[in-house]
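Q: This is the structure I want to talk about, given as structure tokens.
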Amino acid sequence: MKWEGNRQSDNVEDRRMSGGGGPRRVVGRGLGIGTIVIALLGGWMLGIDPMTILGALDGAAPPTQQQAPAPRPPADDRMARFVSTVLADTEDVWKLVFAQGGAQYQEPRLVLFRGSTPTACGTGQSAMGPFYCPGDRKVYIDLGFYETLRERLGAPGDFAQAYVVAHEVGHHVQNLLGITDKLAQARGRVSQAEYNALSVRLELQADCLAGLWAHHADKARQVLENGDVAEAMNAAARIGDDALQRAGGGAVVPESFTHGTSAQRQRWFDQGLRTGSVKACDTFSAASI
């Protein structure tokens, strides 16, 4: 991926030296990139939806004061520069897409942390993997996750890493469009299996929106290099619910899926990449996913 020398976002907070302390408030649950079977990584879970880990979206605790913004990361931190650059690119794309629809894009913030950190969705843990918190409109990433993605899951490459950021920003777009709230309202009114099916459609839509970002970023700035799309497709395949359940040594249980199969995740990323269209990413209206 061509990213060196491109604009970096100003919306990045570096909490890696703060120790994860500070006050917090709880107003919602987070949205993550995918689920890892616990047995696979000995307790590590790759981007499991914190709604599933911590409970219902409407199960928030009473609010308290929120932590103040942290400083920006140091300029000589290459990985921090990378995610800052990818975030900036998503800002450029979504500003354009929203403007074309007659709306104004509200940028999320991205928080770098280690171990744990307070969020508006409760205490964020590295074990959750990267996630988005709709309560404070922030993406949270422990950069150590990328080593897990590369070494333990077999999904190397900078574009695989960019896909992770773009997927979480996709959840932010869903939040701005009111889709996240609709899913929250469904909780408690449908069965667990039905809610899981809705969660799958939410995650697949975020995959499609990540592909949409790649479509427009490459069209405007030619960021894609040979092998980049294959890296993203490989990452999507590695975190499919069916692949993770097989890797964990258990049976594949479709009713328990919350993020979609490997084939579904690849298909919807490709849908966004090919079309560059928000309407084409409407997984909730699709007869088949």
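Each reported figure results from applying straightforward, stated rules to the coordinates on display, with no laboratory input. Predicted model only: the values in this text are computed from it and were never measured. Because the Cβ atoms are built from the backbone with ideal geometry, glycine has one as well, and the counts that use them run over all protein chains shown.
Q: Given the convex hull of the Cα atoms of the stretch 78-229, what is a quarter of its surface area in nm²?
A: 9.9 nm²
Q: Could you tally the net charge around D228, taking each other residue with its Cβ under 10 Å from the Cβ of D228, Lys/Arg +1 and Asp/Glu -1?
A: The answer is -3.
Q: May I ask for the net charge around W268, where only other residues with Cβ less than 10 Å from the Cβ of W268 are counted and Lys, Arg are +1 while Asp, Glu are -1?
A: In short, 0.
Q: Hey, any idea what Rg/Rh is for the stretch 162-226, computing Rh the Kirkwood way over Cα pairs?
A: Values: Rg = 14.4 Å, Rh = 12.9 Å.
Taking Rg over the Kirkwood Rh, I get 1.11.
Q: If one computes the Cα centroid of the stretch 209-233 and of the stretch 92-152, what distance in Å separates the two points?
A: Distance between centres, Cα-based: 19 Å.
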